[in-house]
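The values are calculated or read from the model by the stated rules, or taken from the named source; none is laboratory data. Computed from a predicted model, the values in this text were never measured in an experiment. Please note: Cβ atoms are built from the backbone with ideal geometry, for glycine as well, and neighbour counts cover all protein chains shown. Each accessible area value is taken on the protein alone, full model and side chains, heavy atoms only, with ligands, DNA and RNA left out. Shrake-Rupley method; radii C 1.70, N 1.55, O 1.52, S 1.80 Å.
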Amino acid sequence: MKLYYAPYACSLAVHIVALEAGVSLDLVKVDLDGYTLPDGSDYRSVNPRGYVPVLEFDDGERLTETAVLVQYLADSGSHRELLPAFGTRERLRAQSWLNVIATELHKTFSWLWRDDTPEETRQIVRAKLADRFAELDGLLAAQPFLTGTQFTVVDAYAFTVVDWANHVDIDLSAYPNLSAFMVRVGDRPSVQAALREEGE
Ligand SMILES: N[C@@H](CCC(=O)N[C@@H](CS)C(=O)NCC(=O)O)C(=O)O
């Protein structure tokens, strides 16, 4: 399987989960500035939306959506504790969190990456993110990971997205439990290895 990724993008979550799950992936780096692949060809022929991540299966099928790909990799790997079994309440809870991260954090952050986002919108986005960070901070006061005592794919996705705060001048020190979580997850060998492999 191939993972089309860009360093520090949401594809990092998929990369981390693959390493945690022991699933081997061939990494293909995408230059999102010009939507180019290493051979100079247009990445939009792989994903017309121009987004990473894309997971390409050996039969050529390509699938997208971070929140879904991390589940597939966790389910196919040998480390069952990365995600509760399908059909259980625990799995539903994890899926609920994946959706919160995708829709409330990931896509809200996206507005701050754009040069053409008006300042007024930026302020609204920052306030929305502050609310969500406070929510995560409260939860993490009582438990080390977002779904409890065990690291799961939810934490890999949350780590990847919350880390963007450091690149858009959002000070996480106002959220001590969230900050401690970022260190806890960032210290994991899988996270260190993923960052190293992505060349950052
Ligand atoms: N719905 C997709 C969104 C993926 C996405 O937003 N990818 C960003 C990087 S984190 C991207 O590739 N952006 C390039 C662009 O906006 O042109 C998912 O959840 O995986």
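So what are the ³J(HN,Hα) numbers for region 184-199, from phi and the Karplus equation (6.51, -1.76, 1.60; θ = phi - 60°), rounded to whole Hz, Gly and Pro as x?
4, 6, x, 7, 5, x, 5, 5, 4, 5, 4, 5, 5, 5, 7, x
Carbon-plus-sulfur fraction of the accessible area of the chain, 1.4 Å probe, in percent?
C and S fraction of accessible area: 50 percent.
For region 4-14, in order, what is each residue's ³J(HN,Hα) by Karplus, 6.51 cos²θ - 1.76 cosθ + 1.60 with θ = phi - 60°, in whole Hz (x at glycine and Pro)?
Karplus-based 3J(HN,Hα) across region 4-14 equals 7, 9, 10, x, 6, 7, 4, 4, 4, 4, 5 Hz.
Using a Cα-Cα cut-off of under 28 Å, which lysines could be cross-linked to Lys29, ignoring same-chain neighbours fewer than 8 residues away?
The qualifying lysines are Lys2, Lys107.
Pick out, from Gly22, Ala94, Phe57, the residue whose Cα sits farthest towards the positive end of the charge dipole of the chain, with +1 on the Cβ of Lys and Arg and -1 on the Cβ of Asp and Glu.
So the residue furthest toward the plus end is Ala94.
Would you mind getting me the FRET efficiency between Leu32 and Leu172? Use the beta-carbon distance for r and R0 = 41 Å, nearest 0.05.
After rounding to 0.05, the efficiency reads 0.95.
What are the ³J(HN,Hα) values, in whole Hz, obtained from phi via the Karplus relation 6.51 cos²θ - 1.76 cosθ + 1.60 with θ = phi - 60°, for each residue of region 65-72 in sequence order, with x given for Gly and Pro?
Those phi angles translate into 5, 3, 5, 8, 5, 5, 5, 4 Hz.
Which order do peptides 52-61, 91-100, 114-123 fall in by mean Cβ count within 10 Å, highest first?
91-100, 52-61, 114-123
Cα-based Rg of region 83-188 per 2.2 N^0.38 Å, rounded to two decimals?
Here the Cα radius of gyration is 1.09 times the empirical estimate.
May I ask you to derive the FRET efficiency for Asp115 and Thr64 from their Cβ-Cβ distance with R0 = 30 Å, giving the value to the nearest 0.05?
So the FRET efficiency works out to roughly 0.80.
For the chain, take N as its residue count and report Rg(C-alpha) divided by 2.2 N^0.38 Å.
Working it through for the chain, the quotient is 1.01.
Can you list residues whose amide H is under 5 Å from Leu27's amide H, if they're 5+ apart or on another chain and H is modeled 1.01 Å from N?
Excluding prolines and chain starts, which carry no amide H, the hits are Leu3.
With only Lys, Arg, Asp and Glu charged, each at its Cβ (+1 for the first two, -1 for the last two), find how big the charge dipole of the chain is about the Cα centre; round to the nearest 20 debye.
560 debye
What number comes out for accessible area per residue over the chain if the probe is 1.4 Å? Units Å², please.
On a per-residue basis, 50 Å².
Identify which of Val70, Val46, Val30 has the largest mean-square fluctuation in a Gaussian network model of the chain, with springs joining Cα atoms closer than 10 Å.
Val46
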